[in-house]
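In what follows, a structure is listed as structure tokens, so that the remarks can point back to it.
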Amino acid sequence: MLDIDKAVNTATSGIARIALGVEYKGSSYRGFQRQPDGIPSIQACLEQALSQVAGGAEISLTCAGRTDAMVHACMQVVHFDTPVMRTEKAWVMGANSYLPADISVIWAKPMPVHFDARFSAYARRYRYVIYSDLIRPAHMHQEVTWTYKKLDLNKMQQAADLLLGTHDFSSFRAAECQAKTPIKTVYHAKILAFGQFLVLDIRADAFLHHMVRNIVGVLMRIGAGERPVSWMLDVLAAKDRKQADVTAPPYGLYMIKADYPEEFAVPKRYLGPHFLSALPDVEQQQ
């Protein structure tokens, strides 16, 4: 166990704002947000671990984007305020010593007081991973979405291209979505092939509840030849969730990045998930 007392910073007073980069496998959790009655959540696990590092002081986290039940993250960004001073290494190694194996803190960084993990982010990026094969995979069955259907990548890309720009995404939001507006801007939406995997890499200013999973549900129907490419436009124009009531499973969804102004110098890392780290960064190619 890390000797926390030896990792105390020289600073002894004031409030520090600390940002963390976090990755997790969400299969065993009811999403990121803390839940009532002790239902497992990523936030609760992190706050409990960080409180241990802080000598029992209460920790309250703010995140870049709340992921749903059983959804994963490769680079979730969170922040918290604390009067307890620790080194960056102490926050990382100390927290990981108290966290379960499916949650890891990957970096820590002191931030100015005006940094906010949620409101300072100007874009979020997700990858959705589909395993396309006649036989269901025995490995990673809760980390990818399996389909036995043969999917047409070109048709899926044509349909994904129709999402680019600023639109009303009401047809792709969950009924319980609490977002103030369904108007979102999609900066890129690329379908990538990697062996038996098909990956939707999508970046937008923000996402509605279930938005990516609902988009993938439509893309998979189109890729399987069950609907034409033009159906994406029909669904988008309808602004009605009932017009495309297909939601892809949560297992294949990964939050891979949140974008912040350069002034904050948020640490960079390869795009995940780990088993797809060799995939090219489609933004760098544009």
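Here, each number is a calculation from the coordinates, and none is a lab measurement. Just so it is clear, the model here is predicted, and its values are computed rather than measured. Don't worry about glycine lacking a Cβ; one is built from the backbone with ideal geometry, like all the others, and counts go over all protein chains shown.
Okay, here's what the table says:
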| read-out | value |
| --- | --- |
| 13 Å Cα-Cα reach of residue 257 towards aspartates and glutamates, excluding residues that sit fewer than 8 places from it in its own chain | 23, 201, 205, 281, 283 |
| Separation in nanometres of the label points that stand 7 Å from Cα toward Cβ, at residue 16 and residue 135 | 5.2 nm |
| For 262, 283, order by how many other beta-carbon atoms lie within 10 Å, fewest first | 262, 283 |
| Cβ-based exposure ranking for 113, 78, in which fewest neighbours within 10 Å come first | 113, 78 |
| Signed unit charges on C-beta, dipole axis of segment 8-156, positive-most listed residue 113, 123, 90 | 123 |
| Zone of residue 164's modelled label, taken as backbone nitrogen in segment 179-195 under 16 Å from a point 7 Å along Cα→Cβ | 185-192 |
| Segment residue 34-residue 150, length gained on full extension (0.36 nm per residue, minus Cα span) | 37.9 nm |
| Gain in span if fully extended, residue 102 to residue 118, counting 0.36 nm per residue against the direct Cα distance | 3.5 nm |
| Dipole moment magnitude, nearest 20 debye, the chain about Cα centre, only Lys, Arg, Asp, Glu C-beta charged | 440 debye |
| Pairs of Cα atoms farther than 36 Å apart, the chain, % | 18 percent |
| Approximate spin-label separation residue 27-residue 209, in nm, with each point projected 7 Å along Cα-to-Cβ | 2.6 nm |
| Near-label residues of segment 100-119 by backbone N, under 15 Å of a point 7 Å along Cα→Cβ of residue 269 | 100-109 |
| Restricting segment 86-135 to chymotrypsin sites (Phe, Trp or Tyr not before Pro) in coil, as DSSP defines it, with at most 14 other Cβ within 10 Å | 119, 122 |
| Helix-derived mean residue ellipticity, 222 nm - over the chain, DSSP H n ≥ 4, -39500 (n - 2.57), to 500 | -5500 deg cm²/dmol |
| The chain: most fluctuating residue of 93, 140, 85 per GNM, C-alpha cutoff 10 Å | 140 |
| Highest-MSF residue in the chain out of 239, 109, 180 [GNM, Cα springs under 10 Å] | 180 |
| In segment 142-234, the GluC sites (Glu not before Pro) that fall in loop regions by DSSP, at most 13 other Cβ within 10 Å | 176, 226 |
| Candidate lysines - alpha carbon under 23 Å from residue 149, same-chain residues fewer than 8 apart omitted | 190 |
| Cα long-axis angle, helix 42-53 against the chain (0 to 90 degrees, to the nearest 10) | 20 degrees |
| Ranked 17, 221, 127, criterion: other C-beta atoms within 10 Å, fewest first | 17, 221, 127 |
| Spacing of the two label points (7 Å from each Cα toward its C-beta) at residue 262 and residue 174, in nm | 3.7 nm |
| Sequence-distant aspartates and glutamates (8 or more away, or on other chains) whose Cα lies within less than 12 Å of residue 155 | 226 |
| Directionally averaged projected area (convex hull, Cα atoms, segment 123-255), nm² | 7.4 nm² |
| In order through segment 174-186: 3J(HN,Hα) via Karplus (6.51 cos²θ - 1.76 cosθ + 1.60), integer Hz, x for Gly, Pro | 6, 4, 8, 4, 9, 4, 5, 9, x, 7, 9, 10, 9 |
